[in-house]
Amino acid sequence: MKTEKIVELSFLCAIGIVLQILESFLPTSWIIPGFKIGFANITALFVLKMYGIQSMWLVSAMRVFLASLLQGTLFSVSFWLSASGAFLALCAMSIGYKTGWFSILGISVLGAAFHSIGQVLMVTWIYQQFFMQLFLPVLLALSIVSGLCIGALSQLMMNRWKGRKSI
């Protein structure tokens, strides 16, 4: 891997970590418990489109791990919820990207929806409380909205990046 690519991916990972930590301060639990918009996924989508699937997995895994480490939640319930959601989201986004059927908005909605599914499955498994699955329809509806917003922001970021001038 070229040094320039390593530096760019490290920078994008750092941006994802900052976005994830900043989002943890936003009061979104009034919508539905545990719901987050997913601003850190802007970097995952950007990396997917600009660097490919393998780089997206690397940056996202490092982001989830390091953000949890920095927040003091490593291997806590919130870490496992984040990791399970990220894993299913990355799987869905990888498949969606490989098929070529989806735009960045579609890939983002896929990721948001499967992130919600992963979190609900994990919280059900951890607490053995199957009523948590009742939140899934609402979470999936919110995933469409948040996925479209995050996808649009990612597209804007990519347009700016492609338009940059080399120094």
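Quick notes on this one:
- Among 127, 51, 97, a tally of other beta-carbon atoms within 10 Å of each Cβ gives an order, fewest to most, of 127, 51, 97.
- Relative protection proxy for 38-46, 7-15, from highest mean packing down: 38-46, 7-15 (other beta-carbon atoms within 10 angstrom).
- Principal axis extents of the Cα atoms in segment 20-105, from largest to smallest and rounded to whole angstrom, are 36, 26, 19.
- Exposure proxy ranking, count of Cβ atoms within 10 Å, fewest first, for 57, 101: 101, 57
- Value at 222 nm in deg cm²/dmol, rounded to 500, when DSSP H runs of n ≥ 4 in the chain each add -39,500 (n - 2.57): -26000 deg cm²/dmol
- Segment 70-84 versus segment 131-160: alpha-carbon centroid distance in Å: 21 Å
- Model label points for residue 74 and residue 11, set 7 angstrom from Cα along the Cα-to-Cβ axis, are 2.7 nm apart.
- Between the helical axis of 77-99 and the longest alpha-carbon principal axis of the chain there is an angle of about 50 degrees.
- Hydrodynamic radius (Kirkwood) for the chain, which is based on Cα pairs only, to one decimal in Å: 16.1 Å
Read-outs throughout are calculated quantities, based only on the coordinates presented, and are distinct from any laboratory measurement. For clarity, every value in this text was computed on a predicted model and none was experimentally measured. Note: ideal-geometry Cβ built from the backbone for every residue, glycine included; neighbour counts use all protein chains shown.
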